[in-house]
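Engineer: What follows is a structure written as structure tokens; I'll ask about it next.
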Amino acid sequence: MKNLILFFIMSIAFLLNACANDGDEPDLPSLKNPVATTPSDITDNSFTASWNFVSTAKSYRLDVSLQSDFTSFIEGYESLEVTALTAEVTDLTPATEYYFRVKAVRESAESDFSNVVMVTTTGTIIDTDVNLKDKAAGNFFVGAAVSTNRLTGGYNDLLTNEFNSITAESEMKMRTIFLGPGDYDWTRPDALVEYATDNNLNIHGHALVWHVEVPDWMTTFTGSNEEFEQIMEDYIKTVVTRYAGKITSWDVVNEAINDGGGVRNTIFLDKLGPDYIAKCFQWAREADPDVLLFYNDYNTPADLTKQNDVYALIDELQADNVPIDGLGLQMHISIDSPTRQQIQDDVDKALERNLIVHFSELDVRVNPDGREIVGTLTEERDFDQRLKYKEVVDLYNDIPDPFKYAITVWGIRDPDSWIINQYDRPDWPLLFDGSFNRKSAHTGFLEGLE
Ligand code: XIL
């Protein structure tokens, strides 16, 4: 009986003690305070925080702040639970002081805070109140894709302040200009050239030959291939001659190589034959001896087979002394792809061939495949986009001067971007928001020019 009473009293005492320790193992020593140690892998936008091992700790809680008294926290780094002895802290601003501290944790028990460590990210704080064209001045053009119905108000303010080059998003393509053999509608291309001249903007011509914007009358053309060739020669020479001295450069042929490689089967290949690309470049050169002539295509950094076939085409053209001056990489990319190295490898191949490089249609999607689709531009995606613009512009800026021409972004305001229809999902791929305000992406562009 006495033992039963004793056992009963012991178990009540044990239970009371367990409650008093609310779930922490009663006999474990209290948690020592961790020691935060020297941070490592410090970059413009990240660092690795580290601390020493605390025996009996199950995990640690990391705080990161801009203030040494932690009055506020960096998003995602307030009591961040970490089981390792290090944590990478990302999405930070260059040349900025940060503070971090940690606690040791075991069930409901936690230590006091560690010492506080200060760390300064690398890089330079840039003056963000600078226009893109001024920051790139004397280095290369900063361009934007435009349309005649978006040249006034906020568009005009940004075009004349931030940019010094324009490309027609659609209104210099065949479907707009070429109404029939010898029949041309110059209304909109003329308006764009006039706008550029009036505002001292460079203008890049886009695009003389593209399989997507072929006029209906041409797809149903029943004449001979010889007649078709004459029509094409007249078209290219008439357009290039009209704007000689006004338009600095042309995308002569756009997207002639298939995804995955091989020459794309188009009406031009069918009716003009396998050397149609060479013919188009020749005709453009005959029309204007000074205009820069580009071949333009997309997704070559990430699609190696396509990339190789683009360079095989260019090698053939150069071997036959066809007048090609440059290569346009459209750069319709995302925050995740292609990588810097992939873009660099593509650019290096162009430089090996002494080609001028144009990042001709840059936009950076924040809702790429493989990522959860976000319905608003989250701070995280906004920052990732800033880093991608910085990376791409920095890479372009490293190209030797004689081979630089322009970085052209494919639109001005996010809501106007072709990406939204093309991918049928929300996205914010450009440098300015719906109200013409600069985005972090704009800062990323400036940082890339640092
Ligand atoms: C796109 C325009 O942005 C759209 O507004 C239009 O409906 C279709 O063409 N590659 C090119 C560009 O070379 O001309 C395309 O522009 C986008 C892909």
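The values are calculated or read from the model by the stated rules, or taken from the named source; none is laboratory data. No experiment lies behind these values; they were computed from the predicted model shown. Every residue, glycine as well, gets a Cβ built from its backbone with ideal geometry; the counts of neighbours run over all protein chains shown. When the accessible area is computed, the model is the full protein with side chains, heavy atoms only, and any ligands, DNA or RNA have been set aside. Shrake-Rupley method; radii C 1.70, N 1.55, O 1.52, S 1.80 Å.
Engineer: Testing Thr48 on (1) at pLDDT below 95; (2) of a type outside the set (Phe, Trp, Tyr); (3) not in a loop (DSSP other than H, G, I, E, B), one condition comes back false. Which one is that?
Structural biologist: So Thr48 meets the others, but not (1).
Engineer: Let me ask you something else. Tell me which residues, restricted to segment 294-318, are in contact with a strand residue (DSSP E or B) (Cβ under 7 Å, 6 or more places away or on another chain), away from the ligand (no atom under 16 Å from the Cβ) and of a type outside the set (D, E, K, R).
Structural biologist: Leu313, Ile314
Engineer: For the subset of segment 415-432 comprising residues that are free of Cβ contacts under 8 Å to residues at least 24 places away in the same chain and more than 12 Å from the ligand (Cβ to nearest atom), which member is surrounded by the most Cβ atoms within 10 Å (Cβ to Cβ)?
Structural biologist: Residues of segment 415-432 that are free of Cβ contacts under 8 Å to residues at least 24 places away in the same chain, as a first pass: 415, 420-422, 424.
Still in the list and also more than 12 Å from the ligand (Cβ to nearest atom): 415, 424.
On the way: Pro415: 13, Asp424: 8.
Filtering first and then ranking leaves Pro415.
Engineer: Scanning segment 151-176 for residues that are assigned to a loop (DSSP other than H, G, I, E, B) and within 11 Å of the ligand (Cβ to nearest atom), which turns out nearest to the chain's Cα centre (by Cα)?
Structural biologist: The first filter runs over segment 151-176 and keeps only residues assigned to a loop (DSSP other than H, G, I, E, B), leaving 151-152, 162-164, 169-173.
Subset that is within 11 Å of the ligand (Cβ to nearest atom): 169-173.
Values: Glu169: 18, Ser170: 21, Glu171: 24, Met172: 25, Lys173: 25 Å.
Going through the qualifying residues, I end up with Glu169.
Engineer: For segment 329-345, check the following and say yes or no: at least one residue is in the same structural domain as Asn254 (by TED's automatic domain parsing) and more than 30 Å from Glu380 (Cβ to Cβ).
Structural biologist: As a first pass, look at segment 329-345 and keep what is in the same structural domain as Asn254 (by TED's automatic domain parsing): 329-345.
With the extra rule that they be more than 30 Å from Glu380 (Cβ to Cβ), the set shrinks to none.
Within segment 329-345, none of the residues are in the same structural domain as Asn254 (by TED's automatic domain parsing) and more than 30 Å from Glu380 (Cβ to Cβ).
Engineer: Could you tell me which residue of segment 182-209 is nearest to the ligand (Cβ to nearest atom), considering only residues that are closer than 14 Å to Ile236 by Cα and open to solvent by 60 Å² or more (accessible area, probe 1.4 Å)?
Structural biologist: Among them, the one singled out is Asp183.
Engineer: Now for a separate question. Tally the residues that are open to solvent by 50 Å² or more (accessible area, probe 1.4 Å) and either among the hydroxyl-bearing types (Ser, Thr, Tyr) or modelled with pLDDT of 95 or more (or both), restricting the search to segment 137-181.
Structural biologist: If we filter segment 137-181 for residues that are open to solvent by 50 Å² or more (accessible area, probe 1.4 Å), which is where we start, we get 137-138, 141, 149-150, 152, 157, 161, 175, 179, 181.
Restricting the remaining residues to those that are either among the hydroxyl-bearing types (Ser, Thr, Tyr) or modelled with pLDDT of 95 or more (or both) gives 141, 149-150, 152, 157, 161, 175, 179, 181.
Final tally of qualifying residues: 9.
Engineer: Related question: Which residues, taken from segment 254-296, are in contact with a Gly (Cβ under 9 Å, 6 or more places away or on another chain) and of a type in the set (Phe, Trp, Tyr)?
Structural biologist: Once the filter is applied, which keeps residues that are in contact with a Gly (Cβ under 9 Å, 6 or more places away or on another chain) and of a type in the set (Phe, Trp, Tyr), segment 254-296 yields Phe294, Tyr295.
Engineer: Tell me the residue from Val239, Val212 that is within 16 Å of the ligand (Cβ to nearest atom), open to solvent by 50 Å² or more (accessible area, probe 1.4 Å) and in the same structural domain as Asn156 (by TED's automatic domain parsing), please.
Structural biologist: Every option except Val212 fails the conditions.
Engineer: Something else: From the list Ala284, Ala302, which residue is open to solvent by less than 50 Å² (accessible area, probe 1.4 Å), part of a loop (DSSP other than H, G, I, E, B), out of contact with any Cys (no Cβ under 9 Å at 6 or more places or on another chain) and small (Gly, Ala, Ser)? Steps first, please.
Structural biologist: Values: Ala284 fails: part of a loop (DSSP other than H, G, I, E, B).
Only one candidate qualifies: Ala302.
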